[in-house]
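The values are calculated or read from the model by the stated rules, or taken from the named source; none is laboratory data. Since the model is a prediction, treat every value here as computed from it, not as a measurement. Neighbour counts are summed over all protein chains in view; Cβ atoms, including those assigned to glycine, are modelled from backbone coordinates with ideal geometry. Side chains are part of the model used for accessible areas, which takes the heavy atoms of the whole protein and leaves out ligands, DNA and RNA. Shrake-Rupley method; radii C 1.70, N 1.55, O 1.52, S 1.80 Å.
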Amino acid sequence: MPEPQNFMRVPDPTPKRTLYTDAMEIFHRAADTIGLAPRVRLELEEPDYEHIFYVTAKLKDRLRPLHPEAARSFGDLPVTQVRDPNGLERLADGQILLNGKALLGSDVVIRRGHLRLPDGGVYQLIPGESQRFKAYRVQHNQARGPYKGGIRYHREVSLDLFKALAAEMTWKTAIAEVPFGGGKGGIQIDPRQYGKEELEAITLRFMYKLKRLIGPNIDIPAPDVGTNGEIMALMMRQYLDGERERHVGRAIVTGKDVRIGGSEGRVKATGQGVVYCIEDYYADRGETLKGKTFSVQGFGNVGSNAAEIFAGLGGRLLAVNDSDGTIFNPDGIDVPALLTYVQDPKNLKRSVAGFPGAQKIEKKDFWEVQTEVLIPAALGGEITGEVAERLRCKLIAEGANGPTTPEADRVLLKRGIDLIPDIIANAGGVTVSYYEWIQNKRMESWTESEVNAKLEHALKRNYRIIRDISRNTPRKTEMHDSRPFCVGKQVEPRLAAMILALKRIEAHYVIEGFSQ
Ligand code: NAD
């Protein structure tokens, strides 16, 4: 008998290697090491919820620069004198956005849909169209508290990536001892190619759809790559608009501007946390950060703040790589001058490329710069096995999420390069997000030194527990107690961190049981 045709055949569930399965490798190793209860393992190895939805927005009219070759046929096109140049918004990809009534009252000369601006360039007028964007929110686990995790606006995102990042938040919140679970989400978009008002419209629409899935006691977003306090402000407003008790709902997002309920110290918190961990790593060896050389990949929120704080403690920054270039100065890069350069509004890509106080080098050479410490603070998967073979640093402090591949981990172990794993090194952000959340709930505001003192204690205490697990030295000191977590043998730091996370999460399932 012929097989019944099935046009909707489900593919074979053969497990294949993905970014998520790679990221979960360490989870499975830790689960095996501690003999994690099988049901808890099932609960944790896939997220609670995976949301995918779509956001549409109407884009603005744009001027697209014409290649000088093509512009020649417009040789005698007169210049359009723009009455209100503030209405023109230059984007990182060279296009110019027409905000409001940018050309109103100007002497506009348009020929075949093209005009010439006072800068001499010829531009094609592109009418604004509506566009659709893919959006995600993965809610991984809430055994220890509401889902918590950042919002990423980036072109290279996927469900698999957000699953990995959401799971990482579950481990991180457990390690940092904040009463949250893990989540992550965002939009597939390159924010640098859109204007401020367009991003506002996209963000509002995003929150309009997200609102039914989240809440201050359910799931609390924060900034991540490509988003910041301004985006958080928009998300908060959209969530609270029209709510009768809107002020008690401020805790819906963290990473807000301090003037609207954000916490002092939150902007710097992740970079600050990275440096607290590095400081403790050296303190354990009886050393300080004075004179220590370091390099940083990514000079955004995490990388630039870590660099500024590290340099402030006497460290010397030798090299920086970001998505648009790499710079190197063997005598040390002047970090405040680099910050001014990157933050200059004329620096549209916010890049270190072209910084006059350093020489340009290739990205491949960045990895071979000899330093004590390397801080990856860009995207995941950057330190591959091949890169790890070439590194000439002694310690990697992971500012980024998942910057080191499992293969690279094995190489680092073999080469004796030390590691402070991401789930403790960059936990400063979520820790201060928790402080922001408490302040919002209590309608309080704490000073930066209060925040930093708490943060320093939380990170150093938990980093010491991880070190003890790693070295198998169970002990109780005034600051920490690692006895319940050591496993009777030495393990590498990343496994030690995961063991700490799993033991803390497992306790909830073991003591509370499972809801039916
Ligand atoms: P950001 O958007 O402020 O900065 C990202 C930086 O990385 C930019 O300098 C960019 O040029 C660079 N970059 C991007 N792609 C690159 C590439 N392919 N090669 C080299 N450089 C590249 O982002 P951020 O908030 O600083 O986050 C950086 C990392 O830290 C991410 O992995 C993020 O998940 C992680 N993280 C951030 C926080 C936080 O509080 N912001 C907290 C924990 C972890």
Inset, instruction - Out of 70, 31, 102, 57, report the one residue that is in a strand (DSSP E or B) and over 24 Å from the mean Cα position of the chain (by Cα). - result: 57
Inset, instruction - Would you check if there is a residue in the range 489-499 being over 24 Å from residue 398 (Cα atoms) and of a type outside the set (Asp, Glu)? - result: yes
Inset, instruction - May I ask you to verify whether residue 332 is closer than 20 Å to residue 305 by Cβ, touching a helix residue (DSSP H, G or I) at 6+ places or on another chain (Cβ under 6 Å) and more than 15 Å from the ligand (Cβ to nearest atom)? - result: no
Inset, instruction - Output the number of the condition that residue 133 fails; it satisfies all remaining conditions of (1) surrounded by fewer than 16 Cβ atoms within 10 Å (Cβ to Cβ); (2) in contact with a helix residue (DSSP H, G or I) (Cβ under 7 Å, 6 or more places away or on another chain). - result: (1)
Legend entry - Residue match in the range 131-138 (condition: touching a strand residue (DSSP E or B) at 6+ places or on another chain (Cβ under 9 Å), touching a residue at least 12 places away in the same chain (Cβ under 8 Å), within 30 Å of residue 510 (Cα to Cα) and not in a loop (DSSP other than H, G, I, E, B)): yes
Inset, instruction - Would you check if there is a residue in the range 373-385 being within 30 Å of residue 185 (Cβ to Cβ), modelled with pLDDT under 95 and near the ligand (Cβ under 9 Å from one of its atoms)? - result: yes
Inset, instruction - Keeping to the range 346-370, report how many residues are open to solvent by 30 Å² or more (accessible area, probe 1.4 Å), free of Cβ contacts under 8 Å to residues at least 40 places away in the same chain and under 15 Å from residue 303 (Cβ atoms). - result: 1
Legend entry - Flag for residue 184 being charged (D, E, K, R), at pLDDT 95 or above and within 16 Å of the ligand (Cβ to nearest atom): yes
Legend entry - Residue list for the range 405-421, restricted to those being open to solvent by 10 Å² or more (accessible area, probe 1.4 Å), touching a helix residue (DSSP H, G or I) at 6+ places or on another chain (Cβ under 7 Å) and either within 12 Å of the ligand (Cβ to nearest atom) or aliphatic (A, V, I, L, M) (or both): 411, 419
Inset, instruction - For residue 306, indicate whether it is of a type in the set (A, V, I, L, M) and either out of contact with any strand residue (DSSP E or B) (no Cβ under 7 Å at 6 or more places or on another chain) or modelled with pLDDT under 95 (or both). - result: no
Inset, instruction - Considering only residues that are within 15 Å of the ligand (Cβ to nearest atom) and not in a strand (DSSP E or B), look in the range 142-159 and name the one that is surrounded by the most Cβ atoms within 10 Å (Cβ to Cβ). - result: 157
Inset, instruction - Looking only at the range 386-397, count how many residues are within 14 Å of the ligand (Cβ to nearest atom) and touching a residue at least 60 places away in the same chain (Cβ under 8 Å). - result: 1
Legend entry - Which listed residue is open to solvent by less than 30 Å² (accessible area, probe 1.4 Å), more than 12 Å from the ligand (Cβ to nearest atom) and not hydrophobic (A, V, I, L, M, F, W, C), from 449, 470: 470
Inset, instruction - Given the conditions (1) open to solvent by 90 Å² or more (accessible area, probe 1.4 Å); (2) more than 23 Å from residue 195 (Cβ to Cβ); (3) touching a Phe, Trp or Tyr at 6+ places or on another chain (Cβ under 7 Å), report the number of the one that residue 111 does not fulfil. - result: (1)
Inset, instruction - Of all residues in the range 298-329, count the ones that are in a loop (DSSP other than H, G, I, E, B) and within 14 Å of the ligand (Cβ to nearest atom). - result: 5
Inset, instruction - Report, by residue number, each residue of the range 73-99 that is polar (S, T, N, Q) and in a strand (DSSP E or B). - result: 81
Inset, instruction - Only residues in the range 211-238 that are within 11 Å of the ligand (Cβ to nearest atom) count as the first member; pair them with residues that are open to solvent by 40 Å² or more (accessible area, probe 1.4 Å), Cβ under 6 angstrom, at least 6 apart or cross-chain, and list the lot. - result: 225/154; 226/154; 229/257
Legend entry - Candidate set: the range 160-177, residues that are of a type in the set (D, E, K, R) and more than 13 Å from the ligand (Cβ to nearest atom); chosen: the one most open to solvent (accessible area, probe 1.4 Å): 177
